[in-house]
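Peer 1: Pasting a structure here, questions to come.
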Amino acid sequence: MSGVIRIENLTKVYNGITAVDSLNLEVKKGEVFGFLGPNGAGKTTTIKAMMGLLEPTKGKITIHDEVVSVFSGISSSRVGYLPEVVDLWDNLTGRETLEFMCDLKEVPRKEVDEKLHKVGLRDAGERRVKGYSKGMLQRLALAQSVLGEPDLLVLDEPSAGLDPSGTALVKNIVREHVTKGGTVFFSSHILPSVEAVAHRVGILVDGKLRALDSLDNLREELQIPTRMQLVLSSHHDEIKDDLKQNSSIRSYKGNKNMITITCAKRDKKKVLDLVENSGTEIIDFDIQEGTLEDIFLSFSREGGP
């Protein structure tokens, strides 16, 4: 896969405060890249620099092999952008908004109906934007970002203000875009949504990139424990001595015939075998691997990895 986005030594300083500090990363074609970090980490500053909306203090950003600057910007026909703060024209209807954006992007207006339907605004297209809720505004902004089927989507907090159905819509749009050969770079605080679609994540803390890898690799690196919830055929007290003595079990707690065990991912089978060999039967179980939230908190907390 070739690099669609290349960020080299990106640094941005505001009034002596470094918002982004020597950031380097590359996003490949066909990849969904989740860009994470606590508030004030520098995510939106990075995205604005990518879009040519602010000039870096130093460093270089290349998108589709073209260097981005505030003077040249980037081709809107190849990049769809959803900003963190949605600011649309109150006096226009939803349809008129998309038609205007079609004209700006030199995209046929025939796309408007399909995009309104895609984001669930088909019945609201003739209403003026000033009467839209926050979630409807977000859906309309999402619709404009995908006009013209751009190669790259850059989405800054795309699920902001959306209800669960809207959040599911964002995930579906991201998956569909990549299935068609596109690339997605997005930031989000909705970690389960990122976990559901991202191939890799980057975690930015205080302007510095603290992690860059797939979720599986980060789980392994951090040794994020696996959590297993087991329903037994007998009371958990009958096997608690066996559990206490086993070094593979990091922790456990029981309630009647239910137990919750944490262990290393590689020890899952060993622990299940231990429970079954101890004289009780496992009636049901649920296994939860280390979540993106666990990974995120490991890197974003003070003194993290």
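Peer 1: Compute the distance in nm between two label points, each set 7 Å from the Cα along the Cα-to-Cβ direction, one at Asp103 and one at Lys58.
Peer 2: Inter-label distance under the simple model: 4.5 nm.
Peer 1: Once the piece of chain linking Asn172 and Glu66 is laid out straight, how much longer is it, given 0.36 nm per residue of separation minus the C-alpha distance between them? Spell out each step's value before the answer.
Peer 2: Details: separation 106, 0.36 × 106 = 38.16 nm, distance 2.90 nm.
Stretched fully, the Asn172-Glu66 segment lengthens by 35.3 nm.
Peer 1: How much net charge surrounds Asp242 when only other residues with a Cβ under 14 Å from its Cβ are counted (Lys, Arg +1; Asp, Glu -1)? Kindly include the intermediate steps, with their values, before the conclusion.
Peer 2: Numbers: positive: Lys240, Lys244, Lys270; negative: Asp237, Glu238, Asp241, Asp273, Glu276.
My count for the surroundings of Asp242 gives -2.
Peer 1: Please calculate the 1.4 Å probe accessible area of Arg78, with all protein chains present, and give it to the nearest 10 Å².
Peer 2: Its heavy atoms expose roughly 90 Å² to the probe.
Peer 1: Can you give me the accessible area per residue for the chain, using a 1.4 Å probe, in Å²? If you can, show how the numbers build up before the last one.
Peer 2: On the way: 15140 Å² over 305 residues.
Result: 50 Å² per residue.
Peer 1: Between Phe285 and Thr179, what is 0.36 nm times their sequence separation minus the Cα-Cα distance? Round to one decimal in nm. If you can, show how the numbers build up before the last one.
Peer 2: Details: separation 106, 0.36 × 106 = 38.16 nm, distance 3.32 nm.
Taking 0.36 nm per residue and subtracting the Cα distance, the gain is 34.8 nm.
Peer 1: Please give the net charge around Leu23, taking every other residue with its beta carbon less than 12 angstrom from that of Leu23, where Lys and Arg add +1 and Asp and Glu add -1. Don't skip to the end; give the middle numbers.
Peer 2: On the way: positive: Arg6, Lys12, Lys43, Lys58, Lys60, Lys208, Arg210; negative: Glu8, Asp21, Glu26, Asp206.
Computed value for this residue: +3.
Peer 1: Now for a different question. Could you work out what % of the accessible surface of the stretch 182-295 is carbon and sulfur, using a 1.4 angstrom probe and leaving DNA, RNA and ligands out of the count?
Peer 2: On the way: 2590 of 5940 Å².
Of all accessible area on the stretch 182-295, carbon and sulfur atoms account for 44 percent.
Peer 1: With the convex hull built on the Cα atoms of the stretch 153-305, state its orientation-averaged projected area in nm². Present the calculation step by step, with values, prior to reporting the outcome.
Peer 2: Details: hull surface 46.6 nm².
The orientation-averaged projected area of the Cα hull of the stretch 153-305 comes to 11.6 nm².
Peer 1: To continue, here is another question. With both bridge residues required to lie in the chain, what share of the DSSP beta bridges run antiparallel, to the nearest 5%? Walk me through the numbers on the way to the answer.
Peer 2: Numbers: 39 of 56 bridges.
If we restrict to bridges inside the chain, about 70 percent are antiparallel.
Peer 1: Here is a follow-up. In nm, give the distance between the simple-model label positions of His117 and Lys29, each being 7 Å from the Cα along the Cα-to-Cβ direction.
Peer 2: 3.0
Peer 1: Restricting attention to the stretch 252-305, which GluC sites (Glu not before Pro) occupy a DSSP loop and are surrounded by at most 12 other Cβ atoms within 10 Å? Walk me through the numbers before you get to the answer.
Peer 2: Numbers: sites: Glu276, Glu281, Glu289, Glu293, Glu302; in loops: Glu281, Glu289, Glu302.
Hits after loop and neighbour filter: Glu281, Glu302.
Peer 1: Using Rg and Dmax of the Cα atoms in Å as the read-out, say which of (i) 21.1, 65; (ii) 19.3, 57; (iii) 23.5, 72 was calculated from these coordinates.
Peer 2: This structure yields the entry labelled (iii).
Peer 1: Quick one: dipole size for the stretch 36-192, taken about the Cα centre, charges +1 on Lys/Arg Cβ and -1 on Asp/Glu Cβ, in debye to the nearest 20. Kindly include the intermediate steps, with their values, before the conclusion.
Peer 2: Values: 20 positive and 21 negative charges, 55 e Å.
Magnitude of the dipole: close to 260 debye.
Peer 1: Sum -39500 (n - 2.57) across every DSSP H segment of at least 4 residues in the chain, then divide by the residue count to get the 222 nm mean residue ellipticity, nearest 500. Kindly include the intermediate steps, with their values, before the conclusion.
Peer 2: Numbers: 10 runs with 96 residues, N = 305.
For the chain, the value works out to -9000 deg cm²/dmol.
Peer 1: Considering all projection directions equally, how large on average is the shadow of the alpha-carbon convex hull of the stretch 62-188, in square nanometres? Write down the numbers at each step before the final one.
Peer 2: Values: hull surface 30.7 nm².
Over all viewing directions, the stretch 62-188 projects a mean Cα-hull area of 7.7 nm².
The values are calculated or read from the model by the stated rules, or taken from the named source; none is laboratory data. Since the structure is predicted, the reported quantities are computational estimates derived from the model, not experimental observations. Note that each Cβ is placed from the backbone with ideal geometry, even for glycine, and that neighbours are counted across all protein chains shown. Areas reflect the complete protein model, heavy atoms only, side chains present, ligands, DNA and RNA absent. Shrake-Rupley method; radii C 1.70, N 1.55, O 1.52, S 1.80 Å.
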